[in-house]
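Below is one structure, written out as structure tokens, with a few remarks after it.
The values are calculated or read from the model by the stated rules, or taken from the named source; none is laboratory data. Computed from a predicted model, the values in this text were never measured in an experiment. Cβ coordinates were reconstructed from backbone atoms using ideal geometry, including for glycine residues, and neighbour counts include every protein chain displayed. Areas reflect the complete protein model, heavy atoms only, side chains present, ligands, DNA and RNA absent. Shrake-Rupley method; radii C 1.70, N 1.55, O 1.52, S 1.80 Å.
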Amino acid sequence: MSRSEIPVASSIASVRDFIAAARQSGKSIGLVPTMGALHEGHAELVRRCRSECSFVVVSIFVNPTQFGPKEDLAKYPRSPEADHELCQANGADVIFEPSPAEMYPTGGLATFVEVPGLSDVLEGASRPGHFRGVATVVAKLLNIVQPDVAAFGRKDYQQLCVIRRMVTDLDLPVRILPVPIVRDADGLAMSSRNRYLNAQERVAATVLSKSLHRAVAAARGGERSADRIRQILAETIESEHMAKLDYAEVADSETLTPLDQLPTTSGAVALIAARVGPARLIDNVVLPA
Ligand code: AMP
């Protein structure tokens, strides 16, 4: 039995009943898709969504199709009781927590959503098939819930780009609400995967945000060479012997195309991924023009 009182729907039919009732009483619907193991970053998504909608659905689903065969699906942290409490405390109205079989009936899907280009670089290059899994499950969640607004964190910057493009291309009737990255006091971006870190690794992991900090300082100081910024990112990460750099990129903030020079008007984003102990961590920052 859950200690919290928030309703938890495990079937598509049942969450749709909750949403239909909310619609009937004139409420606007918000969706916050998550994989559980919720933290203050997720809480912020729920609060922002709730401030724009009168009824918020939080989905908790560790989506198997976005994990590669050698990734951490089986080990992915799960904390259902605490998750339900966090959702309730931050103003969610119902949790949608389906089983894999509810989302992927026997035989799996024959239909997928792909966003080529945006999905093939950075995280997509390191994790083939990841964004096909993400786009497809988010499309399913949007169809199940049919929200007015869906909240996504800037923490997963590339995911936000992929989802926005999917929504535009497929004319999905939803407004995407981007939410700034929530960080711990020492700068580390909050992530469910931070739970994998021991005390030493946790300290070492702050090198990711430190590298982004240096990149911003360089851009503010007038550095326009994207290569130089990439070098600053890579050198900072490599200065921490417990961190192993996967990528350090400076890209156009919409298309994610690698840049030569920081543009003077439109946005550029610095994106990094590194392994620290057992955790693969990502972070990013929009660079000042
Ligand atoms: P996840 O459960 O990791 O799949 O994340 C669910 C949603 O929460 C995604 O839209 C993430 O971008 C967002 N999110 C996760 N961590 C943070 C954070 N530290 N700050 C802002 N949003 C976050």
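Relative contact order for the chain using alpha-carbon pairs under 8 Å, separation at least 6, rounded to a whole percent?
17 percent
As a test of the definition: which semi-axes, in Å, follow for the range 76-131 when you take the square root of five times each eigenvalue of its alpha carbon gyration tensor? Largest first, please.
Whole-Å semi-axes of the equivalent ellipsoid: 29, 18, 12.
What number, rounded to the nearest 500 deg cm²/dmol, is the helix-based mean residue ellipticity at 222 nm of the chain, given -39500 (n - 2.57) per DSSP H run of at least four residues and division by all its residues?
About -11000 deg cm²/dmol.
Just the number, please: percent antiparallel of the DSSP beta bridges in the chain, rounded to the nearest 5.
Rounded to the nearest five, the antiparallel share is 55 percent.
From Cα coordinates alone, what are the radius of gyration and Dmax values for the range 219-268 in angstrom?
11.9, 37
Which value, in debye to the nearest 20, describes the size of the charge dipole of the chain about its Cα centre when Lys and Arg Cβ atoms bear +1, Asp and Glu Cβ atoms bear -1, and nothing else is charged?
160 debye
Taking the range 192-289 as the region of interest, what is the percent of Cα-Cα pairs per 5 angstrom bin, listed from the shortest bin to the one with the maximum distance?
3, 15, 26, 22, 15, 11, 6, 2, 0
Once neighbouring chains are kept in place and the probe is 1.4 Å, which whole percent of the accessible area of the range 192-282 is contributed by carbon and sulfur?
Using a 1.4 Å probe with all protein chains present, the range 192-282 comes out at 49 percent carbon and sulfur.
Output ³J(HN,Hα) for the range 123-139: one whole-Hz value per residue in order, computed from phi by the Karplus curve 6.51 cos²θ - 1.76 cosθ + 1.60 with θ = phi - 60°, and x for Gly and Pro.
4, x, 5, 7, 10, x, x, 4, 6, 5, x, 5, 4, 5, 5, 5, 4
Of Ala204, Phe67, Ser119, whose Cα points farthest to the positive end of the dipole of the chain (charges on the beta-carbon: +1 Lys, Arg; -1 Asp, Glu; origin at the Cα centre)?
It is Ala204, whose Cα lies furthest towards the positive end.
Residues of the range 161-243: accessible area per residue at 1.4 Å, in Å²?
Value returned for the range 161-243: 51 Å² of accessible area per residue.
As an exercise, take the mean of 1/r over every pair of distinct alpha carbons in the range 108-163, invert it, and state the Kirkwood radius in angstroms.
With all distinct Cα pairs of the range 108-163 included, I get 11.9 Å.
Relative to the first principal axis of the alpha-carbon coordinates of the chain, what is the inclination of helix 226-238, with its axis defined by its Cα atoms, in degrees from 0 to 90 and to the nearest 10?
Rounded to the nearest ten degrees, it is 80.
Which value, in debye to the nearest 20, describes the size of the charge dipole of the range 67-209 about its Cα centre when Lys and Arg Cβ atoms bear +1, Asp and Glu Cβ atoms bear -1, and nothing else is charged?
360 debye
Counting residues in the chain as N, plug N into 2.2 N^0.38 Å and put the Cα Rg over that result.
Here the answer is 1.01, to two decimals.
As an exercise, use a Förster radius of 41 Å and the Cβ-Cβ distance of His241 and Ala89 to find the FRET efficiency, rounded to the nearest 0.05.
Approximately 0.55, to the nearest 0.05.
Residues with amide H under 5 Å of Val179's amide H, sequence separation 5 or more or different chain, H placed in the peptide plane at 1.01 Å from N; which?
HN-HN under 5 Å from Val179: Phe152, Gly153, Arg154.
Please compute the alpha carbon radius of gyration of the range 1-131, then divide it by the globular-protein estimate 2.2 N^0.38 Å. Two decimals is fine.
1.14
If I take every Cα pair under 8 Å that is 6 or more residues apart in the range 54-140, average their sequence separation and divide by the length, what percent do I get for the relative contact order?
41 percent
At what distance in nm do the modelled label points of Thr168 and Gln24 sit from each other, each positioned 7 Å from its Cα along Cα→Cβ?
Here the modelled spin labels are 3.9 nm apart.
If you roll a 1.4 angstrom probe over the protein chains with everything in place, what fraction of the accessible area of the range 1-71 belongs to carbon and sulfur, to the nearest %?
That fraction is 52 percent.
Among Ile181, Ile144, Ile95, determine the one that fluctuates most according to a GNM of the chain built with springs between C-alpha atoms less than 10 Å apart.
Maximum among the listed residues: Ile144.
Among the DSSP beta bridges whose two residues both lie in the range 1-146, what percent are antiparallel, rounded to the nearest 5?
Antiparallel: roughly 0 percent of the beta bridges in the range 1-146.
Going by a ≥ b ≥ c, the root eigenvalues of the Cα gyration tensor, does the range 70-194 fall in the rounded group (a/c under 1.5), the prolate group (a/b larger than b/c) or the oblate group?
Note, shape of the range 70-194 comes out rounded.
Give the cross-link partners of Lys75 among the lysines, using a straight C-alpha distance below 25 Å as the criterion and excluding same-chain residues fewer than 8 apart.
Lys140, Lys155, Lys244
With the cut-off at 23 Å, report for the range 134-234 the share of all Cα pairs above it, as a whole percent.
47 percent
Pop out the ³J(HN,Hα) list for the range 74-91 in order, Karplus 6.51 cos²θ - 1.76 cosθ + 1.60 with θ = phi - 60°, rounded to Hz; leave Gly and Pro as x.
My calculation for the range 74-91 gives 5, 8, 3, x, 9, 8, x, 4, 5, 4, 4, 5, 4, 4, 4, 5, 9, x Hz in order.
Probe 1.4 Å, all protein chains in place: accessible area of Thr111 in Å², nearest 10?
Spelled out: Thr111, probe radius 1.4 Å, area about 100 Å².
Just in the range 213-269: which trypsin sites (Lys or Arg not before Pro) are loop by DSSP and have at most 11 other Cβ atoms within 10 Å?
For trypsin sites (Lys or Arg not before Pro) across the range 213-269 that sit outside H, G, I, E and B with at most 11 neighbouring Cβ atoms in 10 Å, the list is empty.
Note down the accessible area of Thr106, probe 1.4 Å, to the nearest 10 Å².
We get 150 Å² for Thr106.
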